[in-house]
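Here is the structure we will look at, set down as structure tokens.
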Amino acid sequence: MAGCDILENLIDIVSVVGPTASGKTSLAVKLAKKYDGEIISADSMQIYKGMQIATAKPDADEMEGIKHHLIDFVSPQETYSVAMFVRDAAKCVSDILNRNKLPFIVGGTGLYVDSFLNNINFSEENRNEKITSELRKIYEESGIDVLLDMLAEIDKKSALRLKDGKNPKRIIRAIEFYKTTGITISEQIENSKRVKSPYSAVKIGLNFRDRQKLYDKINKRVDLMLEKGLLDEAKQVLEGRLSLTSVKAIGYKELIPYFDGEKSLEECVENLKRETRRYAKRQITWFKRDAGINWLYADDYKSEYDLFCDACEILKKENIYG
């Protein structure tokens, strides 16, 4: 492996990204086996304990002996932030390098991947729990659109960025950040980008030219989740108290109308498939903004091996040696 660039002292890292069900885990494991690497998961829901099936968390067979980091280590009752991920992933990279392995960051949570590779500092030190509690109360009583309007008044850039995802935790954090520090979180991110990242990343993206083929894989994956026991897992997860971040997981809330007797299982499953397809579309939109990603389209290949060989060629061109 290349290790660190002697001239700039940058840390080599491989990033494998793409929408859900595109085959990221399978490709990354094959590459990690060839290039003596370990995988850091960049999935905002696979971090949670007990949320195995809905999050498509890889099992031991799928990992094929490759060590995976940042999977299954946070309680669903706890809130986990992108700032925490950046911190934890950096620790994992240091640990991996100490064993002379190549770090791989693999997942579909674009904010996690980009924030880590760009070394974004979200200044978690400045927190005000009183403000956070007040904003959570506004969210619970008035809904997310009221929070978005509040954010737009102080930070239009962040409001536009967070509008589509409608993640209450991130919106609350952006408002709290301004009220606590006097600057917008957009300004903080821009200031942070001026600090050079320590990573030299080779980015591989997986996608399908024919979007329907990806959607078919998503639909089949949901069917397989049901066969594996998704209903039982959903009941157990929903019985517990979920944090502002874990509650966003796709695969549980979509089944609530079935458990409540309001809709049939078929209706809820179809909604689950639809929401997963929409999520995949948002993931593609996010990653397509990055001109540095080398895209591989699964439906261009006759076999996974052929796709793997082209991925190896990308790493070879970037002087990553197996």
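So, in the stretch 64-88, exactly how many residues are at pLDDT 95 or above, closer than 26 Å to Ile171 by Cβ and of a type in the set (Asp, Glu)?
Residues meeting the conditions: 1.
(1) exposed (fewer than 15 other Cβ atoms within 10 Å of the Cβ); (2) modelled with pLDDT of 95 or more: which one isn't true of Gly322, the others all being true?
(2)
Please find, among Tyr35, Tyr80, the residue that is within 18 Å of Glu304 (Cβ to Cβ) and aromatic (Phe, Trp, Tyr). Step through it out loud before you land on a result.
Working: Tyr80 fails: within 18 Å of Glu304 (Cβ to Cβ).
That would be Tyr35, the only listed residue that is within 18 Å of Glu304 (Cβ to Cβ) and aromatic (Phe, Trp, Tyr).
Given Lys137, Lys91, which one is over 15 Å from the mean Cα position of the chain (by Cα), among the basic types (Lys, Arg) and not assigned by TED's automatic domain parsing to the domain that holds Tyr35? Before the answer, list the steps.
Details: Lys91 fails: not assigned by TED's automatic domain parsing to the domain that holds Tyr35.
Among Lys137, Lys91, only Lys137 is over 15 Å from the mean Cα position of the chain (by Cα), among the basic types (Lys, Arg) and not assigned by TED's automatic domain parsing to the domain that holds Tyr35.
Name the single residue that is nearest to the chain's Cα centre (by Cα) among those in the stretch 56-86 being exposed (fewer than 15 other Cβ atoms within 10 Å of the Cβ) and part of a helix (DSSP H, G or I).
Restricting to residues being exposed (fewer than 15 other Cβ atoms within 10 Å of the Cβ) and part of a helix (DSSP H, G or I), the top hit is Glu62.
Specify the residue that is surrounded by the fewest Cβ atoms within 10 Å (Cβ to Cβ); the eligible residues are those in the stretch 87-110 that are part of a helix (DSSP H, G or I) and in contact (Cβ under 8 Å) with a residue 60 or more places away in the chain.
My answer is Leu97.
Looking at the stretch 272-288, is at least one residue among the β-branched types (Val, Ile, Thr) and exposed (fewer than 13 other Cβ atoms within 10 Å of the Cβ)? Working first, answer last.
Step one: list which residues in the stretch 272-288 are among the β-branched types (Val, Ile, Thr), which gives 276, 284-285.
Adding the requirement that they be exposed (fewer than 13 other Cβ atoms within 10 Å of the Cβ) leaves 285.
Yes: the stretch 272-288 contains one or more residues that are among the β-branched types (Val, Ile, Thr) and exposed (fewer than 13 other Cβ atoms within 10 Å of the Cβ).
I'd like to verify a number: residues in the stretch 252-271 that are among the acidic types (Asp, Glu), exposed (fewer than 15 other Cβ atoms within 10 Å of the Cβ) and assigned to a helix (DSSP H, G or I), how many?
First, the residues of the stretch 252-271 that are among the acidic types (Asp, Glu): 254, 260, 262, 266-267, 270.
This time we only want the ones that are exposed (fewer than 15 other Cβ atoms within 10 Å of the Cβ), so: 260, 262, 266-267.
Still in the running and assigned to a helix (DSSP H, G or I): 266-267.
Of the residues in that region, 2 qualify.
If Lys30 satisfies all but one of (1) outside any loop (DSSP other than H, G, I, E, B); (2) of a type in the set (D, E, K, R); (3) within 30 Å of Arg173 (Cβ to Cβ), what's the number of the condition it fails?
Here Lys30 clears every test but (3).
Which of the residues belonging to the stretch 72-105 are under 21 Å from Val202 (Cβ atoms) and in contact with a helix residue (DSSP H, G or I) (Cβ under 8 Å, 6 or more places away or on another chain)?
Across the stretch 72-105, the qualifying residues are Phe85, Val86, Ala89, Ala90, Leu102, Pro103, Phe104, Ile105.
Report yes if Asp12 is at negative phi, among the charged types (D, E, K, R), in a strand (DSSP E or B) and in contact with a Ser or Thr (Cβ under 7 Å, 6 or more places away or on another chain), otherwise no. If you could, list the steps in order and put the result at the bottom.
Values: at negative phi: yes; among the charged types (D, E, K, R): yes; in a strand (DSSP E or B): yes; in contact with a Ser or Thr (Cβ under 7 Å, 6 or more places away or on another chain): yes.
It is true that Asp12 is at negative phi, among the charged types (D, E, K, R), in a strand (DSSP E or B) and in contact with a Ser or Thr (Cβ under 7 Å, 6 or more places away or on another chain).
The values are calculated or read from the model by the stated rules, or taken from the named source; none is laboratory data. Not measured: the values here are computed from a predicted model. Cβ atoms come from the backbone with ideal geometry, glycine included; neighbour counts cover every protein chain shown.
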